[in-house]
Amino acid sequence: MNIDNITGNVGIGTTYTPKMTITSGGGYYFSSPQVTCLVEDKAFLPKRANPNDAGADLMSVEDLEIYPGEQKLVGTGVAVKIPQGYAGFVFNRSSQGKKGITMPHSVGVIDTDYRGEIKVLLKNISEDPYKIQRGDRIAQLVIMPVLLPEFTDIWNDTARGTGGFGSTGT
């Protein structure tokens, strides 16, 4: 399937509309898009550990060490071509969280028109240096359908108004 030729109108230009199928039990699922990747010579294609895992592992293309309190941008050597109507989301791996390795911004978002290398910002909040070697799994890539609503400058008041945290009582 060539993702450049999949189109359908969703109200904002011409974009791909993810196909949603409703099951007899009332559930639903989306069709799986093909994601074309550009992989550098010494890099690794994103890979799921198990066939039904939501996230595909992203691997480091370099050897490095992150010292306590330090953060580094780690290259994967991979670029992805995400179909319109979808976005890529880069999440930390739970095993790294257990070791004090976090993603300072919580999640990275890859838009459909981005064509550069995926890089992962990792921070060491532990008390020990953290070594990463080429081929180590450093993050998870999840591809999800996204809605692209149009925003308008019209405000409709509600009974709630601007009430936020704790505004409805404790």
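Here are the numbers for this structure:
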quantity	calculated
Filtered residues of segment 100-148 (kept if out of contact with any strand residue (DSSP E or B) (no Cβ under 9 Å at 6 or more places or on another chain) and farther than 21 Å from residue 33 by Cα)	127, 128
Meets criteria (open to solvent by less than 70 Å² (accessible area, probe 1.4 Å), in contact with a Leu (Cβ under 7 Å, 6 or more places away or on another chain) and either among the basic types (Lys, Arg) or at pLDDT below 95 (or both)) for residue 18	no
Filter pass, residue 34 being within 30 Å of residue 148 (Cβ to Cβ), assigned to a loop (DSSP other than H, G, I, E, B) and touching a strand residue (DSSP E or B) at 6+ places or on another chain (Cβ under 8 Å)	no
Candidates 78, 74, filtered to the one that is within 25 Å of residue 32 (Cα to Cα), modelled with pLDDT of 95 or more, out of contact with any His (no Cβ under 8 Å at 6 or more places or on another chain) and of a type in the set (Val, Ile, Thr)	78
Close pairs from segment 100-117: first within 29 Å of residue 128 (Cα to Cα) and in a strand (DSSP E or B), partner open to solvent by 90 Å² or more (accessible area, probe 1.4 Å) and among the β-branched types (Val, Ile, Thr), Cβ under 9 Å, at least 6 apart	101/125; 102/125
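The values are calculated or read from the model by the stated rules, or taken from the named source; none is laboratory data. Owing to the predicted nature of the structure, the values given are computational and were not obtained by experimental measurement. In this analysis, Cβ positions are derived from the backbone assuming ideal geometry, glycine residues included, and neighbour counts consider all displayed protein chains. What goes into the accessible areas is simple: the full protein's heavy atoms, side chains included, and nothing from ligands, DNA or RNA. Shrake-Rupley method; radii C 1.70, N 1.55, O 1.52, S 1.80 Å.
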